[in-house]
Amino acid sequence: MKILVTGFTGKVGFWVANNLKYRNIPTVCAVRNVEQAMAKYGSGYEFVRLDFSDISTFDEALERVDRIFLMYPPGQHLHFDVFLEKAREKGIKHITYLSLKDVQFMPFIHHYKMEKWIKKSKIPYTFVRAGYFMQNLSDFLCKEIKERHRIFVSAGNGKTSFVDTRDLAEVSALSLTEIAKHRNQIYVITGNEALDFYEVAALMTEVLGVKIEYTNPSIKEFKQYMTQSGVDAQFVNVVAGIHMPTKLGLAKGIKHDYMKVTGKNPTTIRQYIEDFKQDWL
Ligand SMILES: NC(=O)c1ccc[n+]([C@@H]2O[C@H](COP(=O)([O-])OP(=O)(O)OC[C@H]3O[C@@H](n4cnc5c(N)ncnc54)[C@H](OP(=O)(O)O)[C@@H]3O)[C@@H](O)[C@H]2O)c1
């Protein structure tokens, strides 16, 4: 058994690779720049170059592995159809795909198409349909929290089913190591509670000991401020889009598949804030 982990430098892939490494499962971490990854993460990982927009990187990445943790990165001209065809030719035994909660209602997004393509490839799969990542607070929401003590995003008063990406990684790693048990299964992974951003700000205030506010900007205000601050306009649109279901009250559903797969309760947002406190101080 050897597992290719894509998106290693991202919010989920990193934890998938570490979960597998902790359990001594042979793993290859796919990155676009091997030298940079080695300099940052050290020699404790095996790296291979993989760029989904560059077909010439596919063969080597698929060499000597038989399972894949697959994520869909930002960007354009990504050749997942070719990648999946090559994976099928090479006899890949299982793909665990990082998908999105409620994807079945969203035929216009890439995850919908990806799930269809993976099924069509006949490679056994697990779809991990994820709720809203807690780790977004350490990522694109971090700068405003740290510098201006505010959660600045246009999510209205809606509640979101937050999930810790470490929990997503745990389910993904289990599905890749116990493939018979998780073959062709779909798991919807969320935490145990849906919160609005006012409640998240209150929790952050309590844990960090610094007053954090949720300012609930309008979409227009959010886009204007972010683009004026130099953030790429396309990315700003993506972030605004991610929060639209929350604003519309459609993101609050909780599922208990994490408990079903692991036998444990999912990580609470309080625990996540405590663990990553240093990100915002
Ligand atoms: N954020 C959420 O709340 C949420 C919720 C549900 C589902 N999702 C889904 O989760 C996925 C994102 O996962 P993430 O947050 O872990 O990732 P991320 O933190 O956004 O990082 C992106 C990763 O993709 C890699 N990458 C970028 N372009 C690439 C390319 N052309 N070829 C190969 N790798 C490339 C990056 O590697 P480099 O180091 O090479 O840049 C990096 O590892 C998306 O599909 C998103 O829809 C997100």
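Quick notes on this one:
- Looking across the range 230-256, just one residue is part of a loop (DSSP other than H, G, I, E, B), over 30 Å from V171 (Cα atoms) and of a type in the set (A, V, I, L, M), and that is V231.
- Positions within the range 148-181 being within 30 Å of S229 (Cβ to Cβ) and either free of Cβ contacts under 8 Å to residues at least 24 places away in the same chain or part of a loop (DSSP other than H, G, I, E, B) (or both), in sequence order: R148, H149, F152, V153, S154, A155, G156, N157, G158, K159, D164
- Residues in the range 214-229 that are assigned to a helix (DSSP H, G or I) and exposed (fewer than 13 other Cβ atoms within 10 Å of the Cβ): K220, Q228.
- Residue in the range 58-76 that is in contact with a Ser or Thr (Cβ under 6 Å, 6 or more places away or on another chain) and farther than 19 Å from H94 by Cα present: no
- Residue identified as touching a strand residue (DSSP E or B) at 6+ places or on another chain (Cβ under 6 Å) and of a type in the set (K, R) among K264, K277, K252: K252
- Criterion applied to A61, A37, A30 was being farther than 16 Å from A87 by Cβ and either surrounded by 13 or more Cβ atoms within 10 Å (Cβ to Cβ) or among the polar types (S, T, N, Q) (or both), and the one residue passing it is A37.
- Residue that is surrounded by the most Cβ atoms within 10 Å (Cβ to Cβ) [pool: residues in the range 1-19 that are part of a helix (DSSP H, G or I) and more than 6 Å from the ligand (Cβ to nearest atom)]: V16
- Output for the range 60-110, where each listed residue is in a helix (DSSP H, G or I), within 12 Å of the ligand (Cβ to nearest atom) and closer than 29 Å to D232 by Cα: F80, F83, V103, H110
One line per residue, one yes/no per condition, for (1) of a type in the set (A, V, I, L, M); (2) surrounded by 13 or more Cβ atoms within 10 Å (Cβ to Cβ):
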site	(1), (2)
D66	no, yes
Q104	no, yes
K116	no, no
T126	no, yes
M134	yes, yes
E144	no, yes
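Computed from the coordinates by the stated procedures, all read-outs in this text should not be read as laboratory data. This is a predicted model, so every value here is computed, not measured. Backbone-built Cβ (ideal geometry, glycine too); neighbour counts: all protein chains shown.
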